[in-house]
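The block underneath contains the structure these notes are about, expressed in structure tokens.
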Amino acid sequence: MTNLKALQAELNRPMPEITLELALLKNNLDADATYVVPDNIKPVEVALAGLILTIAMSPKSVKELDYQVTEHDMDDLLKLRLIIIKRYGLVDELAEKENTVTGRSPW
């Protein structure tokens with residue numbers, strides 16, 4: 001099985017192959033290389049987390065007559081993404097940053 005096929009299996013939904021290849025490339029994996037356990041598990045799952053974010057930001061469906069756009073339930077998708085990110089100790093770029101005071105003036 002290739003890395004591309006492994007990512008398609010993990011995603012379990014139709015997505016353009018070029019999008020999947022880009023997600024793998026961003027994680028330094030060759031789409032056509034053999035999927036090796038356990039070496040490729042982390043990069044494929046991190047690529048999956050990126051694709052979940054892509055899915056969350058895209059419409060679920062678009063109807064042209066009377067123009068209607070249905071959105072995904074973003075909260076559930078972002079929770080799935082966060083599970084993967086925390087599993088590998090990665091930084092969540094979407095997390096709210098805490099304000100900290102680093103210095104103060106005497107006035």
Rounded to a whole %, the carbon-and-sulfur portion of the accessible area of the stretch 40-88 at a 1.4 Å probe is 58
At 0.36 nm per residue, minus the direct Cα-Cα distance, what do ALA33 and THR54 gain on full extension? Give it in nm, one decimal, please.
5.2 nm
List the lysines whose Cα sits under 20 Å from the Cα of LYS79, skipping any in the same chain fewer than 8 residues away.
LYS42, LYS60, LYS97
Can you show me the helix-derived [θ] at 222 nm for the chain, built from DSSP H runs with n ≥ 4 at -39,500 (n - 2.57) apiece and divided by the number of residues, rounded to the nearest 500.
-14500 deg cm²/dmol
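Using 0.36 nm times the number of residues separating ASP73 and LYS86, minus their current alpha carbon distance, what extension gain do you get? Before the final figure, lay out the partial values.
On the way: separation 13, 0.36 × 13 = 4.68 nm, distance 2.06 nm.
Taking ASP73 through LYS86 to full extension adds about 2.6 nm, to one decimal.
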On a C-alpha basis, how far is the centre of the stretch 1-66 from the centre of the stretch 71-100 in Å? Whole number, if you could?
17
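Say a site is exposed when it is one of the GluC sites (Glu not before Pro), sits in a DSSP loop, and has at most 10 other Cβ atoms within 10 Å; what is then the longest site-free stretch of the chain?
Values: sites that count: GLU64, GLU93, GLU96, GLU98.
Longest stretch, sites excluded: 1-63.
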Give me the dipole magnitude in Debye, nearest 20, for the chain about the Cα centre, with unit charges on the beta carbon: positive for Lys and Arg, negative for Asp and Glu.
320
Of the residues ALA49, LEU22, THR70, the Cα lying farthest along the dipole of the chain towards its positive end, which is defined by charges on the beta carbon of Lys, Arg, Asp and Glu, belongs to ALA49
Starting from the amide H of THR2, placed 1.01 Å from N in the peptide plane, find each other amide H under 5 Å away whose residue is 5 or more places distant or on another chain.
TYR35
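The values are calculated or read from the model by the stated rules, or taken from the named source; none is laboratory data. Because the structure is a prediction, the values reported are computed rather than measured. Neighbour counts run over all protein chains shown; Cβ positions are idealised from the backbone, glycine included. What goes into the accessible areas is simple: the full protein's heavy atoms, side chains included, and nothing from ligands, DNA or RNA. Shrake-Rupley method; radii C 1.70, N 1.55, O 1.52, S 1.80 Å.
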